[in-house]
Amino acid sequence: MQIGSELFLGVRRPLPSFTSTDPRLNGMMHELMMRVREFSHQVKLMFKEWEDKLVTEQTIQARLSMCAIYIHAMTCSLAKLDSHIRNGLSGEKLAYEMSVVEHLCSMFGLAIEEEVRALRTNADVSMKRAADAVLKHIDSLPNIDFAIPERTMDMKARGTGAKLNPVNEEAIPHFGAGSVFHGDVIKRAQPQRA
């Protein structure tokens, strides 16, 4: 019943809970919990909408994955800040870290909103048509005009390509016969002893 109300009525589950954080982080933690809940809801909706095709819809997968990465980054940033506060961080250093983490959470929040919006408002249909057209065009080009690595997955292309007409490599810098670097050599950093 609960999953049905989520999928068909748009009902969200309660926010996940958090405990034991410094009260100064409550606002950012609350936003993180809202992002987690919304991400969970969007994953369920995408499975409902795409069903088995979700496995092959890489653009949908990428958007959901990016949301997960942003949520993870927010979580790590807040956990590190909370740890620093517990270990006595205060004053200007605390103000600095709080402002940086607050900005990170704001940026990641906006990025999550953009990824969620792009789940439904995107150019995926035209992108797929363009990709098919490009691949078809590429297949029509003769291999002889291109350098094709021997590790290519396309067996028809192996052993063909620009081997007969070697690629002009004059513009490509090669290393080993001399370096083009003329600056000071940076020595390996040594750990400093306290």
**Prompt:** Within the range 90-102, is even one residue modelled with pLDDT under 95 and of a type in the set (Lys, Arg)?
**Reply:** no
**Item:** Filtered residues of the range 106-132 (kept if assigned to a loop (DSSP other than H, G, I, E, B) and either of a type outside the set (Val, Ile, Thr) or in contact (Cβ under 8 Å) with a residue 24 or more places away in the chain (or both))
**Value:** Leu119, Arg120, Asn122, Ala123
**Message:** Can you confirm whether Ser90 is small (Gly, Ala, Ser) and closer than 16 Å to Leu32 by Cα?
**Reply:** no
**Enumeration of residues in the range 41-58 that are of a type in the set (S, T, N, Q) and more than 17 Å from Asp124 (Cβ to Cβ)** = none
**Request:** For residues that are farther than 26 Å from Phe47 by Cβ and either of a type outside the set (A, V, I, L, M, F, W, C) or assigned by TED's automatic domain parsing to the domain that holds Leu45 (or both), tally how many sit in the range 98-131.
**Result:** 10
**Asked** Does Asp52 fit the bill of being more than 21 Å from the chain's Cα centre (by Cα), touching a residue at least 60 places away in the same chain (Cβ under 8 Å) and either in the same structural domain as Phe18 (by TED's automatic domain parsing) or closer than 15 Å to Arg24 by Cα (or both)?
**Response** no
**Request:** Confirm whether Arg117 is within 17 Å of the chain's Cα centre (by Cα) and among the basic types (Lys, Arg).
**Result:** yes
**Complete:** Exactly one of Glu102, Glu38 is among the acidic types (Asp, Glu), assigned to a helix (DSSP H, G or I) and closer than 28 Å to Ser126 by Cα, and that residue is Glu38
**Request:** From the list Ile85, Ile60, Ile71, pick out the single residue that is in contact with a helix residue (DSSP H, G or I) (Cβ under 9 Å, 6 or more places away or on another chain), closer than 14 Å to Leu32 by Cα and in contact (Cβ under 8 Å) with a residue 24 or more places away in the chain.
**Result:** Ile71
**Item:** Selection status of Arg37, assigned by TED's automatic domain parsing to the domain that holds Thr19, in contact (Cβ under 8 Å) with a residue 12 or more places away in the chain, farther than 25 Å from Phe18 by Cβ and surrounded by 12 or more Cβ atoms within 10 Å (Cβ to Cβ)
**Value:** no
**Prompt:** Looking at the range 77-95, is at least one residue touching a Lys or Arg at 6+ places or on another chain (Cβ under 9 Å) and either farther than 26 Å from Leu15 by Cβ or exposed (fewer than 11 other Cβ atoms within 10 Å of the Cβ) (or both)?
**Reply:** yes
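The values are calculated or read from the model by the stated rules, or taken from the named source; none is laboratory data. This one's a predicted model, so the numbers in the text were calculated from it and none came from an experiment. In this analysis, Cβ positions are derived from the backbone assuming ideal geometry, glycine residues included, and neighbour counts consider all displayed protein chains.
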